[in-house]
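See structure below.
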Amino acid sequence: MLELMSGNEAIARGAWECGATFGAGYPGTPSTEILEAFAQYKGVYAEWSPNEKVGLEVAIGAAFAGARAMAVMKHVGVNVAADPLFTVSYTGTNGALVIITADDPSLHSSQNEQDNRNYAKFAKIPMLEPADSQEAKDLVLSAFEMSERYDTPVFLRMTTRICHSMGVVALGPRRAVPRRPYVKNANKNAMVPSHAYERHFALERRQTLLEAESETFAGNRIEMRSLQVGVVTSGISYQNVREALPEFSTLKIAMTYPLPHQLIRNFASQVNKLYVVEENRPFLEEEILATGIAVEGKQQLLRVGELSASALRRRILHRDSAQQPAVEGLPKRAPQFCPGCLHRGIFFLLAKRKYIVTGDIGCYGLAALPPYNAMDSLICMGAGLTMAHGFDKVVTRSGNPTTEDTEGNKSPGSATTTGPLSSASSVVGKPPAERVVGVVGDSTFFHSGLTGVANTVFNRGVSTFLILDNRITAMTGHQPDPATGLAIDRKPAPRIDIEAACRALGVRRVFRVNAFDLPGMDKLLEAETATAEPSVIIVEGPCIFTDRDSRQPTFLVDQARCVKCRGCFRLGCPAITIEDGEVRIIADLCWGCGLCAQVCPKKAISQAQPEAKP
Amino acid sequence: MTRERPTTNVFLVGVGGQGIVLVSRILGELAFAAGLDVKQNEVHGLSQRGGSVTGHVRWGAEVHAPVIMEGEAHYLFALEELEALRWAHFLRPDGLALVSSQRIPPVSVTVGGESYPEDVVERLTGFGRTLAVPAYQAATELGNTRVANIVLLGAMSTECAEFSEEQWKAAVAACVPAKHRELNLKAFDRGRAAAAAAGVLPRRADA
């Protein structure tokens with residue numbers, strides 16, 4: 001039976017068909033749908049872990065226990081999971097362990113475009129790379145079998161265009177694979193130095209076997225066409241070569257680490273000229289050049305962004321596929337917060353207050369863009385909190401404890417503080433530009449924020465932390481996290497209370513505020529950034545995608561009162577527009593959050609009265 | 001299918017939230033149900049939040065790349081005028097631009113002071129034949145603006161003879177939730193009628 005499937009769905013299908021019973025990971029574009037789809041199958045266990053390190057570790061546990069297990073993450077997630085990664089390469093896996101890394105060339109939804117093929121070489125873990133959905137399904141099976149045969153974790157590397165492209169896939173039945181028995185063996189599984197030293201030898205022996213495996217691996221295949229030019233390529237680049245350079249012979253590599261050097265030499269001898277076509281780093285090229293094979297490669301191609309078929313044709317055949325130039329000078333259209341988004345109000349206030357905002361990964365990263373311009377930094381998961389602490393230690397209050405002590409008047413707060421705040425004065429007079437707040441989301445808080453809060457408390461920090469809590473991992477497509485109260489199967493799960501967690505970590509000043517209450521949030525920002533002890537403000541509001549019932553009647557602009565000051569435009573709401581010289585609210589889009597009515601200086605915006613029911 | 005069957009490329013553009021992914025899936029299903037090889041690419045993640053969004057659908061005897069090369073699109077399926085113009089160079093000179101007469105000014109216009117382009121349909125005819133349809137207006141009349149994408153799809157069906165009307169409708173029905181099936185099929189019919197009423201503008205001779 002045939003079905004149209006994305007690369008991600010095909011991986012889930014392949015894992016199910018070959019008897020995998022365990023999957024763990026953390027959501028991240030472009031990998032997210034793999035585990036979501038896997039969790040739909042019967043006879044498997046899947047979970048969203050709080051972060052990729054946890055996900056990989058539980059998958060290692062499952063593999064040690066004898067299962068066929070997979071850990072799924074985006075490219076930067078492997079950085080988080082790198083600690084167990086390098087050592088499980090020493091221990092081996094007992095059962096099977098496949099690690100899916102989904103790289104994002106062109107940064108469609110990422111903070112960098114690192115090339116995770118380097119992890120395969122770095123950790124000496126074999127890597128397979130599919131070029132379409134069918135091959136994604138097939139290579140999952142190869143990966144699980146290879147993992148068991150060689151007692152090694154195996155990488156399956158995807159890129160965005162393979163993950164999110166649909167192609168025709170032939171479906172097969174599920175095969176039952178019995179669990180491998182677990183036998184206690186500390187020499188192999190407990191990596192104290194003396195054991196690890198011996199396992200390093202085992203790893204090197206395995207590497208030799210894998211090099212031989214690559215030479216005969218069915219996915220590495222020569223397709224002879226023109227004898228003039230041959231192209232060594234893999235993954236999505238193979239498809240682009242076939243599209244843009246259909247006459248060229250190809251050596252399609254599906255096992256990109258370790259490489260089949262003899263096969264490459266064989267292919268090179270059959271063509272007059274040898275090219276390497278690959279996206280991102282010159283990984284294949286450097287490996288091939290190191291063996292002394294003459295190859296013309298990446299130096300003339302792009303190292304930044306995706307290598308499209310158009311670009312290949314332009315750079316290799318010097319022919320433009322476009323016959324008409326693009327229209328230039330058109331206004332850009334960047335993504336924005338949705339109408340009704342809980343992030344809009346708080347970033348509106350932060351921009352107005354000109355605070356230094358150390359931000360984090362999530363939809364709220366959009367705050368770094370116009371018209372919000374309210375986020376100073378965005379590095380990685382968790383850095384929103386930790387970087388604020390670093391900033392604070394250098395540029396603000398705690399930088400000069402003596403001065404602070406003489407100013408005195410710390411606001412003590414208490415475990416039950418929720419009412420009006422005492423006026424805190426330790427930084428009174430300090431310019432707003434010196435005030436720092438750190439921002440994370442709820443999912444990010446559980447991913448990498450807890451340690452940041454502990455760090456600030458432990459190290460006598462004073463930072464003000466905002467936790468933007470919509471109780472969902474929104475940007476990746478609304479996956480449950482520990483704050484949601486649901487597990488990956490959308491059935492009830494314990495909900496971990498963020499406020500209680502922060503208090504348990506030693507933060508005394510913890511507040512919860514409604515994300516659509518501008519005066520309430522503004523008061524808290526003023527007071528807490530002036531307080532010489534750590535504080536946490538939990539900004540609460542639903543994601544409009546997960547809470548469709550949160551929609552309220554639309555707001556309207558009274559044209560008689562509107563002076564067209566455009567103050568409401570600074571909210572960056574897609575529902576607020578200007579037509580025929582009038583500021584209008586598009587009723588289709590308006591979620592009724594009411595922020596625009598709160599910022600309008602002329603009180604020209606008000607909510608439509610719901611029609612009375614007869 | 002025959003090995004000789006050339007590949008058809010549909011490049012879809014719009015604003016995040018307009019339903020580009022659904023239309024991509026319907027087109028993929030349409031070609032797949034007809035026994036063709038299909039590749040289809042869509043956008044997930046951050047760019048979906050109100051940004052400029054593109055989708056690619058390709059079908060034929062054997063399709064390699066999931067992404068269409070510049071200048072190779074047989075159809076430009078545009079749910080918004082500015083986005084149509086932004087991506088018009090993807091169209092083949094003998095291609096057809098389908099554009100919904102809807103204008104959504106981006107923040108760079110409403111706040112940033114840039115100008116929304118004028119005479120979009122006229123300018124599109126410099127790139128290829130053009131069919132402009134008031135899809136958003138039709139969807140509003142049907143009581144749900146979210147089906148503007150299906151109205152434009154109905155319009156496209158009148159200009160794509162590779163598949164019968166029945167095949168088109170089966171693909172729509174297969175991809176939308178059962179409770180919205182009737183509405184979507186109505187929207188599809190409205191699109192067919194709107195296409196007939198609007199008529200295809202020829203590519204400008206001076207282009």
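The values are calculated or read from the model by the stated rules, or taken from the named source; none is laboratory data. Worth saying up front: this structure is predicted, and the values here are computed from it rather than measured. With ideal geometry, Cβ positions are generated from the backbone for all residues, glycine too; neighbour counts draw on all protein chains shown. The area values use the complete protein model at the heavy-atom level, side chains included, leaving out ligands, DNA and RNA. Shrake-Rupley method; radii C 1.70, N 1.55, O 1.52, S 1.80 Å.
Could you tell me what a quarter of the Cα convex hull surface of segment A:551-607 works out to, in nm² with one decimal place?
Details: hull surface 13.7 nm².
The Cα convex hull of segment A:551-607, projected and averaged over all directions, gives 3.4 nm².
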**Request:** Could you grab the relative contact order for segment A:551-607? Cα pairs under 8 Å, six or more apart, rounded to a whole percent.
**Result:** 50
**Taking N as its residue count, the alpha carbon Rg of chain B over 2.2 N^0.38 Å** = 0.97
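Which whole-number percentage describes the relative contact order of chain A, with Cα contacts under 8 Å and a sequence gap of 6 or more?
11
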**FRET efficiency, B:Glu141 to A:Asp320 (Cβ-Cβ, R0 56 Å, nearest 0.05)** = 0.85
**Prompt:** What quantity of accessible surface, computed with a 1.4 Å probe and excluding non-protein components, is buried in total between chains B and A, in Å² to the nearest 100?
**Reply:** 4600
**Prompt:** If you wrap a convex hull around the Cα atoms of segment A:74-194, how much volume per residue is inside, in Å³?
**Reply:** 112
**Item:** When the convex hull of its Cα atoms is projected in every direction, mean area for segment A:298-351 (nm²)
**Value:** 7.2
**Message:** Viscosity 1.567 mPa s, temperature 4 °C: what is the translational diffusion coefficient of segment A:426-514 from Stokes-Einstein with a Kirkwood Rh over Cα pairs, rounded to a whole number of µm²/s?
**Reply:** 90
**Prompt:** Any idea what Rg and Dmax come out to for segment A:197-321 if you just take the C-alpha atoms, in Å?
**Reply:** 15.3, 56
**Request:** Express the Stokes-Einstein translational diffusion coefficient of segment B:1-124 in µm² s⁻¹, to the nearest whole number, given a Kirkwood radius over alpha-carbon pairs, 37 °C and a viscosity of 0.692 mPa s.
**Result:** 218
**Request:** Would you mind checking the tilt of helix A:518-528 against the longest principal axis of the Cα atoms of chain A, expressed as 0 to 90 degrees and rounded to 10?
**Result:** 80
**Request:** Let me know the Rg and Dmax you get for the protein assembly as shown when you use only its Cα atoms, in Å.
**Result:** 28.2, 86
**Request:** Give the whole-number value, in cubic angstrom per residue, of the convex hull volume spanned by the C-alpha atoms of segment A:2-214.
**Result:** 107
**Around A:Pro370: net Lys/Arg minus Asp/Glu count, Cβ-Cβ under 12 Å** = +2
**Message:** Could you work out what % of the accessible surface of segment A:434-580 is carbon and sulfur, using a 1.4 angstrom probe and leaving DNA, RNA and ligands out of the count?
**Reply:** 54
**Message:** Which entries of A:Lys74/A:Lys273; A:Lys121/A:Lys491; B:Lys39/B:Lys169; A:Lys137/B:Lys186; A:Lys121/A:Lys393 have Cα-Cα distances beyond 30 Å here?
**Reply:** A:Lys74/A:Lys273; A:Lys121/A:Lys491; A:Lys137/B:Lys186; A:Lys121/A:Lys393
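Just add up the charged neighbours of B:Ala139: K/R +1, D/E -1, any other residue whose Cβ is under 12 Å from the Cβ of B:Ala139. Could you put the intermediate results ahead of the total?
Numbers: positive: B:Arg146, B:Lys186, B:Arg190; negative: A:Asp588, B:Glu141.
Once all neighbours under 12 Å are counted, the net charge is +1.
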**Fill in**
Expressed to two decimals, segment A:516-573 has a Cα Rg over Rh, using the Kirkwood radius, of 1.09
**Message:** Run the paramagnetic zone check for A:Ala454: 7 angstrom along Cα to Cβ, then residues of segment A:59-83 with backbone nitrogen under 19 Å.
**Reply:** A:80-83
**Message:** Using Cα-Cα distances under 8 Å and only pairs 6 or more residues apart, what relative contact order does segment A:67-181 have, in percent?
**Reply:** 33
**Prompt:** What FRET efficiency would be calculated for the residue pair A:Gln40, B:Arg5, taking the C-beta separation as r and a Förster radius of 25 Å, to the nearest 0.05?
**Reply:** 0.15
**Request:** Count charges around A:Val177 for me, please; just the other residues with Cβ under 12 Å from its Cβ, Lys/Arg as +1, Asp/Glu as -1.
**Result:** +2
